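Here the structure is laid out as structure tokens; the discussion comes afterwards.
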Amino acid sequence: MPETYYVYILASTFQKLYTGVTNNLPHRVHQHKTSKNPEAHTTRCKINKLVYYERFQYIQDAIARETQIKGWLRIKKLQLIAATNPTWRDLSLDWGQHTEPFDEANLRPPETF
């Protein structure tokens with residue numbers, strides 16, 4: 001199975017941002033949330049909410065994208081997050097939660113006016 005790489009953005013309650021790259025997003029986010037390194041910038045600033053991520057097949061592409069995002073002005077990063085996660089919800093909150101399988105029989109036809 002090919003490796004998957006991720007570029008991710010974490011935010012604090014006050015929307016301080018951190019951009020990183022990893023090949024194991026759940027593990028890396030867990031490290032940030034549990035303050036694995038007390039001296040780390042993300043620990044000191046309480047930056048631990050996953051607000052954005054992208055998947056890549058090749059590490060070179062992930063690193064290039066991380067470098068690109070890190071070079072952006074803050075406003076452009078905020079726009080990137082808002083475009084896919086306008087409420088700044090922690091995207092890691094549902095990991096490991098049970099989800100109901102899709103059941104087409106429960107779909108209702110669209111209402112007509």
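The values are calculated or read from the model by the stated rules, or taken from the named source; none is laboratory data. Only a predicted model underlies this, so the values are computations on that prediction, with no experimental measurement involved. With ideal geometry, Cβ positions are generated from the backbone for all residues, glycine too; neighbour counts draw on all protein chains shown.
Before moving on, here are some points about what is shown:
- Lone unmet requirement of (1) farther than 21 Å from Ala83 by Cα; (2) in contact (Cβ under 8 Å) with a residue 40 or more places away in the chain; (3) surrounded by 14 or more Cβ atoms within 10 Å (Cβ to Cβ); (4) not small (Gly, Ala, Ser) for Arg28: (2)
- When Thr99 is tested against (1) in a loop (DSSP other than H, G, I, E, B); (2) modelled with pLDDT of 65 or more; (3) of a type in the set (S, T, N, Q), exactly one condition is not met: (2).
- Selected residue (criterion: modelled with the highest pLDDT) from residues of the range 1-57 that are over 25 Å from Gln79 (Cα atoms) and of a type in the set (Asp, Glu): Glu3
- Residues of the range 1-37 that turn out to be more than 14 Å from the chain's Cα centre (by Cα), closer than 18 Å to Trp95 by Cα and of a type in the set (Gly, Ala, Ser), as a count: 0
- Qualifying residues in the range 13-25 (those that are of a type outside the set (Val, Ile, Thr) and under 22 Å from Arg65 (Cβ atoms)) - the one surrounded by the most Cβ atoms within 10 Å (Cβ to Cβ): Leu25
- Qualifying residue in the range 59-77 (condition: among the polar types (S, T, N, Q), surrounded by fewer than 11 Cβ atoms within 10 Å (Cβ to Cβ), at pLDDT 95 or above and out of contact with any Cys (no Cβ under 8 Å at 6 or more places or on another chain)): yes
- Residues of the range 38-58 that are free of Cβ contacts under 8 Å to residues at least 40 places away in the same chain and either crowded, with 17+ Cβ neighbours inside 10 Å or over 19 Å from Thr87 (Cα atoms) (or both): Pro38, Glu39, Ala40, His41, Thr42, Thr43, Arg44, Cys45, Ile47, Asn48.
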